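A short write-up of the structure that comes next.
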Amino acid sequence: MKKLLLISIFLIASASMFAQGQQKIGYVDSQIILAQYAPAIKAQSDLDAIAAKFTKTRDSMVTVLQTAYADYEKQKEMMTPDKQREMQQSLVAKQQTIQKFEQEKFSQQGGQLYAKNEELFAPVKAKIMDTINEVAKEEGMHFIFDKTGEVLLLYADADFDLTYKVLDRLKRTKK
């Protein structure tokens, strides 16, 4: 839906551009920029180090759980039913601890790794966007798209912003 909306906006803008004269459109490949821009490389390296630390901790927790489970399997025939339940509860608690750790560290909804990614890359992204805006103005560009992934408009000359006209028309036609 988002992609369709962006394409529709682009088509409307394109029709407007041809009516008004020659417009300059450019694009960037953000993956290449991120792969070659030193601060982005440093931020990714720092993020990878944090992820490796979290992964190592999780892996050691999993090893402890696997060892405890193997011990339980070897000894369960000799255990009383109460001892079996106690060991099973201990195994479940270890599993839940691992799941909680993974949620706290790796979740995209509030995980520490996700938050650190945002923290490390926010200034990098801001600098990249500032530079895109500067280059676009110097080159006389009206629109800049990112060719990586989905269609994404990164810069637009404010004179060609049709957002409020589209909203006004949408509000007037209640279909």
| query | Based on the alpha carbon coordinates of region 25-151, what radius of gyration and maximum Cα-Cα distance (Dmax) apply, in Å? | reply | 23.9, 81
| query | What pairs in Lys105/Lys147; Lys56/Lys94; Lys56/Lys116 have C-alpha atoms more than 28 Å from each other? | reply | Lys105/Lys147
| Mean Cβ neighbour count within 10 Å, used as a protection proxy, ranking 25-33, 88-96 highest first | 25-33, 88-96
| task | With the convex hull built on the Cα atoms of region 76-159, state its orientation-averaged projected area in nm². | result | 9.3
| field | Extended-chain gain in nm, criterion 0.36 nm per residue less alpha-carbon gap, Thr80 and Glu138 | value | 12.9 nm
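We did not get these values from a lab; they are worked out from the coordinates using the rules stated. This is a predicted model, so every value here is computed, not measured. Cβ: placed from backbone, ideal geometry, glycine included. Neighbour counts: every protein chain shown.
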